[in-house]
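The values are calculated or read from the model by the stated rules, or taken from the named source; none is laboratory data. As the structure is a prediction and not an experimental result, all values here were calculated from the model. Note: ideal-geometry Cβ built from the backbone for every residue, glycine included; neighbour counts use all protein chains shown. When the accessible area is computed, the model is the full protein with side chains, heavy atoms only, and any ligands, DNA or RNA have been set aside. Shrake-Rupley method; radii C 1.70, N 1.55, O 1.52, S 1.80 Å.
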Amino acid sequence: MADTPEEILKDMKKYWRVGWILLACTALTVAVAKVTPSVIIGLGIATVKAGLVALIFMHLSHEKSIIYKVLIYTVFFAIGLMFLTLLAMYDPIIAPVNRAY
Amino acid sequence: MEIPFEVKPRPDTGLWNAKVGIWLFLASEVMLFGGLFSGYLFLRLGSAGEADYFWPQGVLSVPFGFVNTLILILSSVFVVVAWLQLKLRNFEKFRFWMILVVFCAGIFLVNKGFEYSAKFKHYGIKLSDNSIVEGHGIDDTIRYEGIKKVNVDVGRFEGEFLESVHGDTPKFREVMSVDADGKSVLGDSIELSENAVKKIEERRNNSLREKHLASNEEAKAKDSDFNAIRWLPAMGVKQLSFVADKEFSIEIKRKKLRKSFPDSVKFRDQTSLKGTISKLTPGLYLQAVDRIDLRATDSEDPETSSLVWKYLGKESLLKGHSDQGSSDANHGDDKDHAAIGYNEDEQKVKDDSHPHDPKKEAAMAKKIFLGARENVLQEAKENKKEADFGKTLNHSVLKWKDDKEGEVLKSHAPILVPWEDVKLYSNFTPKWNTYYAIYFTLTGLHGLHVLLGALVLLYFAVFGRKLFDKDPEHMTNRVEVGGLFWHFVDLVWIFLFPILYLM
Amino acid sequence: MGSGTSTAESANAHDHDDHHHDLPFLKKYIFSTDHKIIGYQYGFTALIFLFIGFYLMMVMRWSITTPDKPLPGLLAAFLNDSWLSDEGRVTGDLYNMFGAMHGTIMVFLGIVPLAFGAFGNFVTPLQIGAPDMAFPRLNMASYWFYFLGGVTMLTSFFIPSGAAEAGWTMYSPIATTAQLDEPNLWYTGQTFWLFGMVMLISSSLLGAVNFISTIINLRCRGMTWMRLPFFVWAMMVTGFLLLLAFPPLEVAALMQLMDRLAGASFFIPTGLNFTGAGSVDAGLLDVAGGGSPLLYQHLFWFLAHPEVYVLILPAIAIVGEIIPVNIRKPMWGYKSMVYAVMVLGFLAFIVWAHHMYLTGMGNVVSTFFQATTVIISIPSVVLLSCLFISLWGGSIRFTVPMLWALAFLPMFGFGGLTGLPLAFNFIDLHLHDTYYVIGHFHYIVAPGTIFGLFAGIYHWFPKATGRMMNSKLGHMHFWPSLIAMNGIFLPMMIQGMSGFHRRWYDGGINFEQIAGQVLFEQDSIFAKIFSLVPGIESGKTIEMIDLNHVMTFSVWILLIGQLPFIFNFIFSIFKGKKVETDNPWEATTIEWLAPNKPGHGNFLSEPIAYRGPYEYSVPGHEKDFSPQFERGPDGVILGEEDPIEESEGAQ
């Protein structure tokens, strides 16, 4: 991690740059949503933004190994948690029915 | 005693304690929001399988959400800048940026407050044929007339119904017992209240208890082995009936009741009254309908036979009634009773150029709905595609530009839905549908995180000086940890914005 | 400083203590940030809750065994009279309420706080040679969150609606619609349960963050990962289980709160027709619908399966500490145990739906979870086998803690093995919600975990108080408990297989299929033995339902068996035999380096770990134990590398 004043100022510039990119991405999402309300594009841009925040702002681009270990373990189960939805979908009560239309 | 590695990192892990701690905490937060997102996914995918439920899309104001996203991203930048200023050992600049962060959080929350309150004022009604109308200015006053008999649940009675009695509160006489012919033996005339019921309960229980003890004695006299059963509350009185000395009527908002039937009504404290619904309050009244949704309706051709068209344009009788001042003098100037939910501001918003004629407004609303539907179908035909189901049967009917005639149509039609045709009504809160349920849960929990995070950051900005002077590195570490939390809150919002506002 | 010697430092230790005596009582014992005091706080509170849970169970057992008799004064004395029926019997509602709260109190307020909160807090920092937890104030906060949660749960008994009554799992929609007839939904036991749960979850989360941070960052010099005692490893895995499994339950609790209070329908399907307390309320629920009860079950069991490992791992860990000390030889397969416990921590997250075979999830899902469930038995068996094999060839000291630890092994094994049939969905269809299931998991948590916890109390008591617990009273506690526990839970297995349902508040007497299920013929020898149990008439055929009398009789024996413990525990704190050394058991782990009744900051000199945790009977050593904190004889450094140089080199 940078600790001399020059490097800190360089970091500061980097953070501002990332900030502007994030703002631009937000505008892009809204614009895209106006044209086509695509779930994939919307979530794709959101993932890129989230990645920037996590990697740059939260310094995950250069972190100690033990934190990565904890996070990998967590993310694995968080994704598992999403599959929980699919499991719950097996509920026969709410099984898809053919709509009249 | 000092805890090691509070400030300096531990050589082999390369981390100081709080950094390990905050990442572990964030890991659990990932699981927390992960669980909620999984709930969102479930409800959204699940809604596709429901014949009568459609996931609302585009119901939130995008500009609001957009501005909030920008604010939160900016605040995230400010946090790192503040942290870097601390690394440069510049406390004053740190304080400046940090207070800016808290300010951003404040704006975010205020915005959120506006968004919430707009939802609280917006109503929807689901009719018995599953068609939906939405709008402003609800009046769910219901009046029951000709009430004489009151049944009270002794354990739960809170005197709720007494507050809604229309006119003078009558006196009540307790039903002491019912004789062989089915005629009631009545007690003295009293003022009914929680205390009065308690007193009667006590008196009755005392006599029951004496009876019980006496029968115990008697049994013992006969059989010395008899095991006496002590007096237990379950042996006491549970229900009491009262008869009013004159017929009376009650007036109350429907949503405050537990259950209402054509011939009886039940309060939340389990008090039930027998009476009939007044002709003045035949149904649920919505002052200005702004959207009609017939996607889930049961009727064969919703364009003509939906119940919405039957009831659109009917005015509340009670409203007219009160306006004329012919109702009870006691309630004439009591706005809450005169026309509950009658919103003067809403009235002012109305376009003055349109004379307020409910019938005409209703016809206009129907014209808008069908016209817009015709357009969608036409367009689909031209493009040789199937018409968008969501757009053909679900529109705003507030305002529409007729492309053919170039005319701008506006409507403010009221609707009066008879009670028996109301399936569900609510403002846009979790009760209305699962979209709002998950919306409020997700954003509410996120808002709570914003609030707590902002408070912690504010504490750093205001009271950080002392620690900074003592050990600037410790202070820097603290701010880094606070910042990590703040970025996480931002990160959650980055996902919330598209899934709630855009998609 | 040698262990086994009466240390001069113990006088020193008192100075050390005196230094902190100027702290006011409130700060020293109530709002303390010292991990040991917080451990005691957890311990005392949890023991009280365990007894409350025990009492609830006794009332339920009375109702099961003798549903036709009024509750006796001894049990009714603590009860609100208005809960009883007009003949003084336990009502079905009361049974439901006590059943739900028995589960909640035992799991969330009794065992987890005692195992994780008390032992984890007291032992972990001492074993890794840390002066305290990484975040002492957070530690205090987690205790007080736990306390508030407990108070909320207890208060709910005294409000008009009574406590929660929808089973400890609080399945929706039954939990969402329970007590809906109350005037104020905020003021109901169900709602209190949810709020209490949110607080308990917060407490556990804070605790887990603290434990893992402490273990990662506060290990003393030389304490490399593979030199950590097994207990610490187990605590770390338990911490991760809590950290990642509790948030989904918090989500479920929040959603259920929204369902109850804000009229949301996360877990309420469309068109739910429900019957309220009185049939007057029957009808469609006034909500939108569109949710799914199954979502709740998934979220709940995503927590609650890892939770059962939270219940058992600390006990295995305690037993894993006690066995090497008392067999005077190294633990067999230390590394396998560490890896097994890590694998267990991972697999625990992907077996949850085996609690839900009956929900109609579909074959694919059932099969998947059936497979993972069978796989998870492998690490459990590894743990148990290592502990068993350790005993081979040891010179066993049958001390009181060792007795409990030894009893733990077969009891836990029995509980685990009876779980295997339940892992298969086709067998589970038959056994689901019967007493077989109850017997299975009680074998794990009652004679399993609780025995482990008792072992721990006897084992670390001298460290905490400087006095020994009386060993005669310890035996008087152990033997009745062991016999009574089996007297309670073994018959449950038999009853369960013949179809006794866990929710029968009358024990099945009113159910036709129960009648005439003969266990022993009238004049068999077993029938004669059984007729000795009070409540069973002599000379009659013993039926399946008569086992209820055996269980209830055993419960009373268990209660009486706890009296020596209560007496011993309180008596020994003040009047027990003083221990003369800091290491009375001649153990090797670092907590025995600290003076008895360690002061704030724990150690008098900086502890350094020179070797692995269980070096007993090392050839060539004069003593049969070589503590972690002792440099080798004549200044020779044992172990692979010199820890001091190692950690200094890193700096």
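Quick one: pull the percentage of alpha-carbon pairs in the range C:34-253 with a separation above 21 Å. Provide the component values of the computation, followed by the final result.
Details: 13836 of 24090 pairs.
Of all Cα-Cα distances in the range C:34-253, 57 percent exceed 21 Å.
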Would you please give the residues with an amide H less than 5 Å from that of residue B:426, counting only those at least 5 places away or on a separate chain, with H modeled from the backbone geometry? B:124
Could you point to the residue in C:632, C:56, B:286 farthest towards the positive end of the protein assembly as shown's charge dipole, with +1 and -1 charges on the Cβ of Lys/Arg and Asp/Glu respectively? C:632
Residue-by-residue Karplus 3J(HN,Hα) for the range B:136-149, coefficients 6.51, -1.76, 1.60, Hz, glycine and proline x: 10, x, 8, 9, 10, 5, 10, 10, 10, 10, x, 8, 10, 9
Once both axes come from the Cα atoms, what is the angle between helix C:136-155 and the longest principal axis of chain C, in degrees from 0 to 90, rounded to 10? 20
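How much accessible area is lost when chains A and B come together, counting both sides, with a 1.4 Å probe, in Å² rounded to the nearest 100? Each step should come with its number before you reach the end.
Working: alone 8860 and 27400 Å², together 31570 Å².
Summed over both sides, the interface buries about 4700 Å².
Loop sites only, by DSSP: take the GluC sites (Glu not before Pro) in chain C that have at most 16 other C-beta atoms within 10 Å and name the longest stretch containing none of them. Walk me through the intermediate numbers first.
Numbers: sites that count: C:87, C:521, C:537, C:580, C:622, C:640, C:641.
That gives C:88-520 as the longest site-free run.
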Chains C and B: accessible area buried, summed over both chains, 1.4 Å probe, nearest 100 Å², reads 4700
For residue C:557, tell me the accessible area in Å² from a 1.4 Å probe, rounded to the nearest 10. 60
Distance between modelled label sites at residue B:195 and residue B:463, nm, 7 Å Cα→Cβ extension: 4.7
Phi-derived 3J(HN,Hα) across the range C:434-440 with the Karplus relation (6.51, -1.76, 1.60, θ = phi - 60°), rounded Hz, x for Gly and Pro, is 9, 5, 4, 5, 4, x, 4
Looking at the range C:144-192, residues buried by 20 Å² or more relative to their chain on its own, accessible surface at probe 1.4 Å, turn out to be C:181, C:182, C:183
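Can you tally the net charge around residue B:86? Count Lys and Arg as +1, Asp and Glu as -1, for every other residue whose Cβ sits under 13 Å from the Cβ of residue B:86.
On the way: positive: B:87, B:89, B:93, B:95, B:465, B:478; negative: A:3, A:11, B:92, B:469, B:471, B:473, B:480.
Cβ neighbours under 13 Å give a net charge of -1.
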For the range B:130-160 and the range C:595-636, what is the separation of their C-alpha centers, rounded to whole Å? 76
What is the spin-label model distance, in nm, from residue B:6 to residue C:371 if the labels are put 7 Å beyond Cα along the C-beta direction? 5.2
Taking the alpha-carbon distance from residue B:253 and a cut-off under 20 Å, which lysines remain once sequence neighbours fewer than 8 residues away in the same chain are dropped? B:119, B:121, B:126, B:266, B:274, B:279, B:314, B:319, B:335, B:423, B:431
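Calculate, for the protein assembly as shown, the solvent-accessible area per residue in square angstrom, rolling a 1.4 angstrom probe over the heavy atoms of the protein chains.
Values: 51760 Å² over 1255 residues.
Per residue, the protein assembly as shown has an accessible area of 41 Å².
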Kirkwood hydrodynamic radius, the protein assembly as shown, all distinct C-alpha pairs: what's the number in Å? 34.6
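Rounded to two decimal places and with Rh computed the Kirkwood way over Cα pairs, what is Rg over Rh for chain C?
Numbers: Rg = 25.7 Å, Rh = 26.1 Å.
Radius of gyration relative to Kirkwood radius: 0.98.
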Taking just the alpha-carbon atoms of the range B:112-193, what radius of gyration and Dmax come out, in angstrom? 20.9, 65
How far, in degrees from 0 to 90, does helix A:5-35 lean away from the longest principal axis of the Cα atoms of chain A, to the nearest 10? 30
Measure out, as a whole number of angstrom, how far apart the alpha-carbon centroids of the range B:356-415 and the range C:529-592 sit. 79
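Where Lys and Arg each count +1 and Asp and Glu each count -1, what net charge lies around residue B:432 among other residues with Cβ under 10 Å from its Cβ? Can you show the working numbers first?
Values: positive: B:119, B:126, B:431; negative: B:134.
With Lys, Arg at +1 and Asp, Glu at -1, the neighbours total +2.
Using the Kirkwood formula over every pair of different C-alpha atoms, what hydrodynamic radius in Å results for the range C:566-618? Display every interim value, and only then the final one.
Values: mean 1/r = 0.0754 Å⁻¹.
Taking every pair of different Cα atoms in the range C:566-618, averaging 1/r and inverting gives 13.3 Å.
Using the Kirkwood radius built from alpha carbon pairs, what does the Stokes-Einstein equation give as D for the range B:146-243 at 20 °C and 1.002 mPa s, in µm² per second?
Working: Rh = 15.6 Å.
D = 137 µm²/s.
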Computed [θ] at 222 nm, deg cm²/dmol, chain B (DSSP H ≥ 4; -39,500 (n - 2.57); rounded to nearest 500): -15500 deg cm²/dmol
Output the Cα-based Rg and Dmax of chain B in Å, rounding Rg to one decimal and Dmax to a whole number. 31.8, 99
On a 1.4 Å probe surface of the protein chains, which of A:20, C:460 comes out largest in accessible area, and what is the full order? A:20, C:460
Residue separation times 0.36 nm, minus the C-alpha to C-alpha distance between residue B:399 and residue B:107: what's the value? 102.0 nm
Per residue, how big is the convex hull around the C-alpha atoms of chain A? Give it to me in cubic angstrom, could you? 108
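Just add up the charged neighbours of residue C:439: K/R +1, D/E -1, any other residue whose Cβ is under 13 Å from the Cβ of residue C:439. Working shown, then result.
Values: positive: C:502; negative: C:433.
The answer is 0.
Where both residues lie in the protein assembly as shown, what percent of DSSP beta bridges are antiparallel, nearest 5? Write down the numbers at each step before the final one.
Working: 66 of 68 bridges.
Looking only at bridges with both residues in the protein assembly as shown, the antiparallel portion is about 95 percent.
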What is the Cα coordinate range of the range C:441-586 on the first, second and third principal axes, sorted by size from largest, in whole angstrom? 63, 28, 24
Chain C - mean residue ellipticity at 222 nm from DSSP helices (-39,500 (n - 2.57) per run, n ≥ 4, rounded to 500): -18500 deg cm²/dmol
With θ taken as phi - 60° and the coefficients 6.51, -1.76 and 1.60, list the Karplus ³J(HN,Hα) couplings across the range B:70-83 in order, rounded to whole Hz; mark glycine and proline as x. 4, 4, 5, 5, 4, 4, 5, 5, 4, 5, 5, 4, 4, 5
The alpha-carbon center of the range B:53-85 and that of the range B:163-240 are separated, in whole Å, by 63
Determine the share of the range B:1-149's accessible area contributed by carbon and sulfur atoms, expressed in whole percent, with a 1.4 angstrom probe. 66
Which whole-number value in Å³ per residue fits the convex hull of the alpha carbons of the range B:386-503? 216
Quick one, can you get me the convex hull of the C-alpha atoms of the range B:247-322 expressed as volume per residue in Å³? 140
Is any residue of the range B:220-252 close enough, with backbone N under 17 Å, to a label point placed 7 angstrom from the Cα of residue C:93 along the Cα-Cβ axis, and if so, which? B:232-240
Proximal lysines to residue B:222, defined as alpha-carbon separation beneath 17 angstrom and excluding residues fewer than eight positions away on the same chain: B:211
